[in-house]
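Student: Quick one: the structure is below, questions incoming.
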Amino acid sequence: MPPGDVSPPAGSKKKGQLGLTSRHPRDTQRLGARLGELAQAGDVYLLVGNLGAGKTCLTQGIARGLGIEDYALSPSFVIVRELYGRLPLYHMDLYRLDDIAEIDELGLDEYIYGNGVCVIEWAEKGLALLPPEHLLVQIDYLEDSGRRLKLTAIGRRYRELIAALDKGGADAAGH
Ligand SMILES: Nc1ncnc2c1ncn2[C@@H]1O[C@H](COP(=O)(O)OP(=O)(O)OP(=O)(O)O)[C@@H](O)[C@H]1O
Ligand SMILES: [Mg+2]
């Protein structure tokens, strides 16, 4: 596979699901940028994966796809960061959430059910209080700088989103 290519391995296609392999942070960002370009107001993307898997890296791409330049920061010390591009991006990181009730207490619902694009790292910590319809992105380590990204659509909007991403085929990463 040429460097910079993100293509679905054979057998990874299933309705409402898309499996991709990233060989470099750049690939992950390109996939994010494609997502950012296709994003609609009210979208919710839940990112799940170990420390350093690439959740923030993917979000940087989403920001770029929304027309937000140079978004390099991880929100680890704040729970939510607001950025403004074609649509607002609400980038949340639930890593430091001690108790799921904090989602209510911190007023995160305003973002989650708002009119921006909500990207939530460590979403598994708040799953019970997060919207049932969402795009789930699971990132797993492969060897070295390889990552496996599994996208699962829950709900019609997200099945359409995955179909639109997939339509580009090997071009899913936006090149
Ligand atoms: N294919 C790849 N995709 C994404 N990141 C990669 C890849 N290969 C190596 N990396 C590196 O892995 C790290 C991913 O860091 P990132 O902050 O995005 O992870 P994270 O999942 O947000 O972690 P955390 O749980 O701490 O928030 C970066 O240092 C990045 O350069
Ligand atoms: Mg992160």
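All of the numbers you see were taken from the coordinates with simple rules; none came from a lab. These figures come from a predicted structure and were not determined experimentally. No Cβ is skipped: glycine too gets one built from the backbone with ideal geometry, and neighbour counts run over all protein chains shown.
Student: Considering only the range 88-139, how many residues are part of a loop (DSSP other than H, G, I, E, B), of a type in the set (S, T, Y) and under 15 Å from the mean Cα position of the chain (by Cα)?
Tutor: Within the range 88-139, residues that are part of a loop (DSSP other than H, G, I, E, B), of a type in the set (S, T, Y) and under 15 Å from the mean Cα position of the chain (by Cα) number 0.
Student: So is A163 free of Cβ contacts under 8 Å to residues at least 24 places away in the same chain and either crowded, with 19+ Cβ neighbours inside 10 Å or of a type in the set (A, V, I, L, M, F, W, C) (or both) or not?
Tutor: The answer is yes for A163.
Student: Okay, moving on. Surrounded by fewer than 19 Cβ atoms within 10 Å (Cβ to Cβ), touching a Phe, Trp or Tyr at 6+ places or on another chain (Cβ under 8 Å) and over 16 Å from Q17 (Cα atoms): which single residue out of Y90, Y95 fits that description?
Tutor: Y95
Student: Which one of N50, N115 is exposed (fewer than 14 other Cβ atoms within 10 Å of the Cβ), in contact with a strand residue (DSSP E or B) (Cβ under 9 Å, 6 or more places away or on another chain) and over 18 Å from L149 (Cα atoms)?
Tutor: N115
Student: Within the set of pairs 6+ apart or on separate chains, which have a first residue in the range 118-138 that is within 10 Å of D43 (Cα to Cα) and within 13 Å of ligand 2 (Cβ to nearest atom), a second that is in a strand (DSSP E or B) and among the aromatic types (F, W, Y), and C-beta atoms under 9 Å apart?
Tutor: Here the result reads V119/Y45; V119/Y90, each pair linking the range 118-138 to a residue that is in a strand (DSSP E or B) and among the aromatic types (F, W, Y).
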